[in-house]
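Participant: For reference, the structure I am asking about is given below.
The values are calculated or read from the model by the stated rules, or taken from the named source; none is laboratory data. None of these values were measured; they are calculated from a predicted model. For neighbour counting, all protein chains shown are included, and Cβ atoms are generated from backbone atoms with ideal geometry for every residue, glycine included. Each accessible area value is taken on the protein alone, full model and side chains, heavy atoms only, with ligands, DNA and RNA left out. Shrake-Rupley method; radii C 1.70, N 1.55, O 1.52, S 1.80 Å.
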Amino acid sequence: MQFNRDALDSLKADPAASPIHRSLGFYYGNAEHDAALDAFYARFVGPGDLVFDVGAHVGDRIGSFRRLGARVVAVEPQPLCLRAIREIYAGDDDVVAIPAVCGGSAGTVDFYVNSANPTVSTASSDFVRAADGADGWQGQVWDEQFRVRSVTLDSLFAEHGIPAFVKIDVEGFEETVLSGLSRSVPALSFEFTTIEREVALRCLDRVTGLGFKEFNIAMGESMSMTFPEWVGREEMATHIRELPHEANAGDVYCR
């Protein structure tokens, strides 16, 4: 499934979309990056599967999931990112974009926007505080705030079906997202940062309680698993604790 290249080009040329121009340029139009994404996610996603992309940003993972033949429910609260998803995947009935944050309950939450770097916008005030003055996060400013609808993964599952894979990338809000999930799925991933390791460890506890037993990790945009074989919860927790601060961020994969 190909995305709408005309829509992508139009967004790149639109001054109103300038906050996401860098993301659009990085994530779209790089065949090598696309191939790496597809090869990586193929271990979790296949034709006819349902995937949830929680924190979809400008939708590059949606593109990979669609190329692999999956249907996608994308959850994204930022209006400009939602616009990008809806325009780039216009006409694709197998992409559903939901303007919301995934949380622990239905309602509304505060959302903190980094207008110069929307990829790190977040619903977590703790994340904003942890980044303040942290090495490697200098100059990051969350300068806008708005209220946004909150939905739970459980409610989305009830409406759209049980997914084969859930990708959660929400800048420190991962634990809250997982608190709205009461059942296991075949596989999921959650992002973590070294400025909030304890959040990652609590996420590990949560998914272990949901029945996940095996874990691996990919750092940054490497699209490469760190461990040659999947490991248990304790080994993963130790690895996260021992990562150098400069490692910055990665995704824990659970099955």
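Participant: Among Asn117, Asn216, Asn30, which one shows the highest mean-square fluctuation when the chain is modelled as a Gaussian network with alpha-carbon springs under 10 Å?
Facilitator: Among Asn117, Asn216, Asn30, the largest GNM mean-square fluctuation belongs to Asn30.
Participant: Would you mind working out the magnitude of the charge dipole of segment 6-66 relative to its Cα centre, with +1 at each Lys and Arg C-beta and -1 at each Asp and Glu C-beta, to the nearest 20 Debye? Walk me through the numbers on the way to the answer.
Facilitator: Values: 5 positive and 9 negative charges, 33 e Å.
With only Lys, Arg, Asp and Glu charged at Cβ, the dipole is about 160 debye.
Participant: Right, something else. Which percent of the accessible area of segment 171-255 is formed by carbon and sulfur heavy atoms (probe 1.4 angstrom)?
Facilitator: On the way: 1720 of 3560 Å².
Carbon and sulfur atoms account for 48 percent of the accessible area of segment 171-255.
Participant: Also: Whenever you get a sec, compute what percent of the accessible area on segment 19-101 sits on carbon and sulfur atoms (1.4 Å probe). Walk me through the numbers on the way to the answer.
Facilitator: Numbers: 1540 of 2910 Å².
Percent of accessible area from carbon and sulfur atoms in segment 19-101: 53.
Participant: Amide H to amide H, which residues 5 or more places from Ala97 or on other chains are under 5 Å from it, using H placed in the peptide plane?
Facilitator: For Ala97, the qualifying residues are Ala74.
Participant: Which ³J(HN,Hα) values, rounded to whole Hz and listed in residue order, are derived for segment 45-61 from phi using the Karplus coefficients 6.51, -1.76 and 1.60 in 6.51 cos²θ - 1.76 cosθ + 1.60 with θ = phi - 60°, glycine and proline given as x?
Facilitator: 10, x, x, x, 5, 10, 10, 9, 10, 9, x, 7, 6, 9, x, 5, 5
Participant: Is the C-alpha gyration tensor of segment 71-119 telling us rounded, prolate or oblate? Criteria: a/c under 1.5 is rounded; beyond that, a/b larger than b/c is prolate, otherwise oblate. Numbers along the way, then the final one.
Facilitator: Details: a/c = 2.99, a/b = 1.30, b/c = 2.30.
Cα axes put segment 71-119 in the oblate bin.
Participant: I've got another one for you. Could you work out [θ]222 nm for the chain from helices alone, using -39500 (n - 2.57) per DSSP H run of at least four and dividing by all its residues? Round to the nearest 500 deg cm²/dmol. Before the final figure, lay out each step's value.
Facilitator: Working: 10 runs with 89 residues, N = 255.
Computed ellipticity for the chain at 222 nm equals -10000 deg cm²/dmol.
Participant: Right, another one. Please work out whether segment 136-214 counts as rounded, prolate or oblate from its C-alpha gyration tensor, where a ≥ b ≥ c are the square roots of the eigenvalues and a/c under 1.5 means rounded, while otherwise a/b larger than b/c means prolate and anything else oblate?
Facilitator: Working: a/c = 2.52, a/b = 1.38, b/c = 1.82.
Since a/c reaches 1.5 but b/c is at least a/b, the shape of segment 136-214 is classed as oblate.
Participant: Further question on the same structure: Report the antiparallel proportion of the DSSP beta bridges in the chain as a percent, rounded to a multiple of 5.
Facilitator: If we restrict to bridges inside the chain, about 50 percent are antiparallel.
Participant: Separate question: Can you give me the accessible area per residue for the chain, using a 1.4 Å probe, in Å²?
Facilitator: Details: 10790 Å² over 255 residues.
Here the per-residue accessible area is 42 Å².
Participant: Just grab the label-to-label distance for Asp6 and Arg241, each label 7 Å out from Cα along the Cβ direction, in nm (one decimal).
Facilitator: 5.7
Participant: Something else: Relative contact order for the chain: what percent, with Cα pairs under 8 Å and sequence separation of 6 or more?
Facilitator: Values: 494 pairs, mean separation 41.4, N = 255.
Answer for the chain is 16 percent.
Participant: Could you give the length gained on full extension between Asn248 and Ser184, defined as 0.36 nm per residue of separation minus the Cα-Cα distance, in nm? If you can, show how the numbers build up before the last one.
Facilitator: Numbers: separation 64, 0.36 × 64 = 23.04 nm, distance 2.79 nm.
Stretched out fully, the Asn248 to Ser184 stretch lengthens by 20.3 nm.
Participant: Name the long-range amide H neighbours of Thr108: under 5 Å, sequence gap of 5 or more, or other chain; modelled H, no Pro or chain starts.
Facilitator: Those lying under 5 Å, H to H, from Thr108 are Ser150.
Participant: Find, among the GluC sites (Glu not before Pro) in segment 178-251, those assigned to loop by DSSP (not H, G, I, E, B) with at most 10 other beta-carbon atoms within 10 angstrom. It would help to have the intermediate numbers written out before the result.
Facilitator: Numbers: sites: Glu191, Glu196, Glu198, Glu214, Glu221, Glu229, Glu234, Glu235, Glu242, Glu246; in loops: Glu214, Glu221, Glu229.
Loop-located and lightly packed - Glu229.
Participant: Could you give the length gained on full extension between Arg43 and Ala116, defined as 0.36 nm per residue of separation minus the Cα-Cα distance, in nm?
Facilitator: Using 0.36 nm per residue and subtracting the Cα-Cα distance, I get 22.9 nm.
Participant: Would you mind checking which residues have amide H under 5 Å from Asp49's amide H? H placed 1.01 Å from N; only 5 or more apart, or other chain.
Facilitator: Arg71
Participant: Another question, then. Give me the one-decimal Kirkwood hydrodynamic radius in Å for segment 101-181, with the sum taken over alpha-carbon pairs. Please list the in-between numbers first.
Facilitator: Details: mean 1/r = 0.0739 Å⁻¹.
The answer is 13.5 Å.
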